[in-house]
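What follows is a set of notes on a single structure, which appears directly below.
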Amino acid sequence: MSVRIGIIGATGRMGRAIAGEAVAQGVGIAGGISRAGAVLGEHADALSLAQAADVLIDFSTPQMLAQGLDAARATRTPIVIGTTGLKPEDHALIDAAARDVAVLQTANTSLGLNVLRKLVEQAARVLGPDWDIDIVEMHHRHKLDTPSGSALLLGASANVGRGAASTTELNRFDRMQDGPHEREEGGIYYASLRGGSVAGDHQVIFATDGERIELGHRAENRAIFAKGALRAALWLAGKPAGRYTMADVLGFE
């Protein structure tokens, strides 16, 4: 089946990378929009774009999320959401949309990073709470959200591995809050660095007395995210309504 993609956030770094990857793979592009309007093709808004596309890919901003979801629901067009910095109310919108249309939402479309998530989950399950877990991430100077969505995904995997009640239950973001204090056993701690043009580095460190395990992933360019997003979109096309993840694309679940 020939699949045509529609890109929301087409002028951003990821939007441009996805368009380039689609051309390289011979995947059809129905068009693309940004906050300013159409930038690829003749579709002036998300609804018009969704009507022409077999699947939407949204790498825009949280402020554009609702219009993309509304368009996807109105036309029953599956949508891949890679926008980061989402809040609980944004996820509620995604949950509502997934009742009507196929939605795949992820903070990272890299195939390697998603394999790393599975390794982190397995390690956390086997090693137990007496192994400290730290997640260190670095991105380019222009990235605003901290920690990165990918770091939170890795932390969620560690939480799942440890059997936490929620994917954020054991997260700890600031050891200096209310003054220095000792490390909490079982806590998952984060450190974020911002500088230069780093596409994305993530390292998960498991440490205990006398030994340490370091699992990591380094993104050398944005092409890897574009390839993963395109693979997710092609996989999602034609799927029934529901909420999906990159683990589904990779066959983990």
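The values are calculated or read from the model by the stated rules, or taken from the named source; none is laboratory data. Please read all numbers here as calculations on a predicted model, not as lab measurements. With ideal geometry, Cβ positions are generated from the backbone for all residues, glycine too; neighbour counts draw on all protein chains shown.
For the reader, a short list of remarks on this structure follows.
- The set of residues in segment 219-248 that are surrounded by 14 or more Cβ atoms within 10 Å (Cβ to Cβ), charged (D, E, K, R) and within 19 Å of Ala17 (Cα to Cα) comprises Arg222, Lys227, Arg231.
Conditions tested, residue by residue: (1) within 16 Å of the chain's Cα centre (by Cα); (2) touching a residue at least 60 places away in the same chain (Cβ under 8 Å).
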site: Pro78; (1), (2): no, yes
site: Glu89; (1), (2): no, no
site: Ala97; (1), (2): no, no
site: Ala107; (1), (2): yes, no
site: Asn114; (1), (2): yes, yes
site: Glu121; (1), (2): no, no
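- The set of residues in segment 191-246 that are among the acidic types (Asp, Glu) and closer than 19 Å to Ala158 by Cα comprises Asp201, Glu211, Glu214.
- Residue in segment 140-151 that is free of Cβ contacts under 8 Å to residues at least 60 places away in the same chain and more than 21 Å from the chain's Cα centre (by Cα) present: no
- Some residue of segment 34-51 being of a type outside the set (A, V, I, L, M, F, W, C), under 22 Å from Pro240 (Cβ atoms) and in contact (Cβ under 8 Å) with a residue 40 or more places away in the chain: no
- For beta carbons closer than 8 Å, sequence separation of 6+ or different chains, a first residue in segment 238-251 that is at pLDDT 95 or above and part of a loop (DSSP other than H, G, I, E, B) and a second that is surrounded by 16 or more Cβ atoms within 10 Å (Cβ to Cβ) and of a type in the set (Val, Ile, Thr), the qualifying pairs are Ala241/Val101.
- The single residue among Gly187, Gly179, Gly216 that is more than 30 Å from Arg4 (Cα to Cα) and modelled with pLDDT of 95 or more turns out to be Gly216.
- Taking the criterion of being outside any loop (DSSP other than H, G, I, E, B) and modelled with pLDDT under 95, the residues of segment 133-150 that qualify are His139, Gly149, Ser150.
- Within segment 17-39, one or more residues are of a type in the set (D, E, K, R) and either part of a loop (DSSP other than H, G, I, E, B) or buried (at least 24 other Cβ atoms within 10 Å of the Cβ) (or both).
- Some residue of segment 57-74 being more than 16 Å from Val103 (Cα to Cα) and part of a helix (DSSP H, G or I): yes
For (1) surrounded by 16 or more Cβ atoms within 10 Å (Cβ to Cβ); (2) in contact with a Ser or Thr (Cβ under 8 Å, 6 or more places away or on another chain); (3) in a helix (DSSP H, G or I), each residue gets a yes or a no:
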position: Arg99; (1), (2), (3): no, no, no
position: Leu104; (1), (2), (3): yes, yes, no
position: Leu116; (1), (2), (3): yes, no, yes
position: Glu121; (1), (2), (3): yes, yes, yes
position: Arg125; (1), (2), (3): no, no, yes
position: Glu182; (1), (2), (3): no, no, no
position: Gly186; (1), (2), (3): yes, no, no
